[in-house]
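A.B. asks: My structure is below; once you've seen it, I'll send some questions.
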Amino acid sequence: MPKIKTHKGLAKRIKVTASGKLVSKRASGNHLMSAMSPKRRRKLGYPGFISKEFAPVIRRLLNIATK
């Protein structure tokens, strides 16, 4: 049986923390920023965590063993 390939597009966008959580850049932070409040623009600069419901799907695509 062949090995499962890592989804390279997803691997470039998501990182795994030391505790095993998945972190990615937040959406809506590239353009049309003038319509957003300064507080919202500031929060978009920080990374966001992937929800626990969606994490197993991403782990399977990245071939990450669950802890």
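A.B. asks: Would you compute, from DSSP H runs of 4+ residues alone, the mean residue ellipticity of the chain at 222 nm, taking -39500 (n - 2.57) per run and dividing by the full residue count, rounded to the nearest 500? Mind dumping the intermediate values first?
C.D. replies: Working: 3 runs with 19 residues, N = 67.
So the calculated ellipticity at 222 nm is -6500 deg cm²/dmol.
A.B. asks: Let me ask you something else. Pick from Pro47, Pro56, Pro38: which residue has the top mean-square fluctuation in a GNM of the chain where Cα pairs under 10 Å get a spring?
C.D. replies: Result for the chain, Cα springs under 10 Å: Pro38 fluctuates most.
A.B. asks: If you count only protein heavy atoms and use a 1.4 Å probe, how large is the accessible surface of Lys43, to the nearest 10 Å²?
C.D. replies: Here the accessible area works out near 120 Å².
A.B. asks: What list of ³J(HN,Hα) couplings, whole Hz, do you get for the range 57-65 from phi and the Karplus terms 6.51, -1.76, 1.60, once you set θ to phi - 60° and write x for glycine and proline?
C.D. replies: Each residue of the range 57-65 in turn: 5, 5, 4, 5, 5, 9, 6, 9, 6 Hz.
A.B. asks: Sticking with this structure for a sec: Could you tally the net charge around Phe54, taking each other residue with its Cβ under 13 Å from the Cβ of Phe54, Lys/Arg +1 and Asp/Glu -1?
C.D. replies: Values: positive: Lys21, Lys52, Arg59, Arg60; negative: Glu53.
Summing Lys and Arg as +1 and Asp and Glu as -1 gives +3.
A.B. asks: Would you mind calculating the gained length between Lys15 and Lys39 on full extension (0.36 nm times residue separation, minus the Cα-Cα distance), in nm to one decimal? Mind dumping the intermediate values first?
C.D. replies: Numbers: separation 24, 0.36 × 24 = 8.64 nm, distance 2.49 nm.
Here the answer is 6.2 nm.
A.B. asks: What would the Debye formula give as log10 I(q)/I(0) at q = 0.15 Å⁻¹ for the alpha-carbon point model of the range 11-67, no solvent?
C.D. replies: -0.52
A.B. asks: Another question about this same structure. For the range 8-67, what is the number of Lys pairs with C-alpha distance below 17 angstrom, counting only pairs 8 or more positions apart or on separate chains?
C.D. replies: Close lysine pairs under the 17 Å cut-off: 12.
A.B. asks: For the range 44-51, in order, what is each residue's ³J(HN,Hα) by Karplus, 6.51 cos²θ - 1.76 cosθ + 1.60 with θ = phi - 60°, in whole Hz (x at glycine and Pro)?
C.D. replies: Once rounded to whole Hz, the list reads 5, x, 8, x, x, 8, 7, 5.
A.B. asks: Something else: Under 10 Å, Cα contacts only: if you run a Gaussian network model on the chain, which one of Leu44, Leu22, Leu32 comes out with the highest mean-square fluctuation?
C.D. replies: Evaluated over the chain, the most mobile residue of the options is Leu32.
The values are calculated or read from the model by the stated rules, or taken from the named source; none is laboratory data. As the structure is a computational prediction, the values presented were derived from the model and not from experiment. A quick note on method: Cβ atoms are made from the backbone with ideal geometry, for glycine too, and the neighbour counts reach across all protein chains shown. Quick note on the areas: whole protein, heavy atoms, side chains included, nothing else; ligands and nucleic acids left out. Shrake-Rupley method; radii C 1.70, N 1.55, O 1.52, S 1.80 Å.
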